[in-house]
1. Of everything in the range 137-166, what is open to solvent by less than 70 Å² (accessible area, probe 1.4 Å) and either under 30 Å from Tyr110 (Cβ atoms) or part of a helix (DSSP H, G or I) (or both)? Give them in sequence order.
2. How many residues does the range 51-64 hold that are of a type outside the set (Phe, Trp, Tyr), touching a residue at least 12 places away in the same chain (Cβ under 8 Å) and open to solvent by 70 Å² or more (accessible area, probe 1.4 Å)?
3. Please verify whether Ala12 is at pLDDT 90 or above, over 24 Å from Glu108 (Cβ atoms) and surrounded by 17 or more Cβ atoms within 10 Å (Cβ to Cβ), treating the condition exactly as stated.
4. Which residue pairs have Cβ atoms under 6 Å apart, sit 6 or more places apart or on different chains, and have a first residue in the range 175-191 that is over 19 Å from Arg130 (Cα atoms) and a second that is in a helix (DSSP H, G or I) and open to solvent by 80 Å² or more (accessible area, probe 1.4 Å)?
5. From the list Leu80, Leu100, Leu4, which residue is under 30 Å from Glu188 (Cα atoms), open to solvent by less than 50 Å² (accessible area, probe 1.4 Å) and either at pLDDT below 95 or part of a helix (DSSP H, G or I) (or both)?
6. So which residues in the range 167-197 are open to solvent by less than 70 Å² (accessible area, probe 1.4 Å) and outside any helix (DSSP H, G or I)?
Amino acid sequence: MAGLVLLVGGCASMSEEECLVADWHALGYEDGAAGQPVAQLGERRQACAEYGVRPDTGAYRAGRSEGLRLYCTDQRGFRLGRSGRTYNGVCPADLEPPFLHAYEAGREIYRARAAVNEVSRAIRNRAREREHLLDDITDMSARLVSDEATRDERVELLADIARLKDRHSELGMEIEDLEYELSMREVEYREVRRHSPYQ
């Protein structure tokens, strides 16, 4: 493993020194263990071609196959699906069925959690809008009773305040509906987690 530099985020950009001292078996193993597609080798080849270095394709592929056996487990598939990340179709045929089964179980939890988060965001957004409306209503009410306001301005301010109050009430009803939906989504999320064969 001497000379092996772990590449953050699967980036295959390699320096001249890294290309010259590369352990291609180790690089293949690292890429396989990270679930990187075989196209990663092409990126490494392109990076090293600039320095006149050709990768040892056989050693890389052998290492990658070994690394994939570490990656293509049901627990890894479950964690990948639960995190919402994409599976790149890298697992060999003998390991892919259990990996995919676990991946889909993880994705189900991810989708249920995402639904909870989406409704929670909608509630927060409407609550913030209500706060801003109250601030606007307070400001308008202060202008309404000020000595500087003309009769026409007061008529316009009264209409605007009434409109904002209506919207404030609408948002309150929307939040009530969303809070009910949130409770249902949370129940669904707990049920999905409870019935999942993986934890």
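The values are calculated or read from the model by the stated rules, or taken from the named source; none is laboratory data. Fair warning: this is a prediction, and the values are worked out from it, not measured in the lab. Here the Cβ positions follow ideal geometry from the backbone for every residue, glycine too, while neighbour counts run over all protein chains shown. All accessible areas refer to the heavy atoms of the entire protein, side chains included, with ligands and DNA or RNA removed. Shrake-Rupley method; radii C 1.70, N 1.55, O 1.52, S 1.80 Å.
1. Within the range 137-166, Ile137, Met140, Ser141, Ala142, Leu144, Leu157, Ala159, Asp160, Ile161, Ala162, Leu164 qualify.
2. Total satisfying the criteria: 2.
3. Working: at pLDDT 90 or above: no; over 24 Å from Glu108 (Cβ atoms): yes; surrounded by 17 or more Cβ atoms within 10 Å (Cβ to Cβ): yes.
No: the conditions fail for Ala12.
4. Once the first residue is over 19 Å from Arg130 (Cα atoms) and sits in the range 175-191, its partners that are in a helix (DSSP H, G or I) and open to solvent by 80 Å² or more (accessible area, probe 1.4 Å) give Tyr189/Arg113.
5. Leu80
6. Ser196
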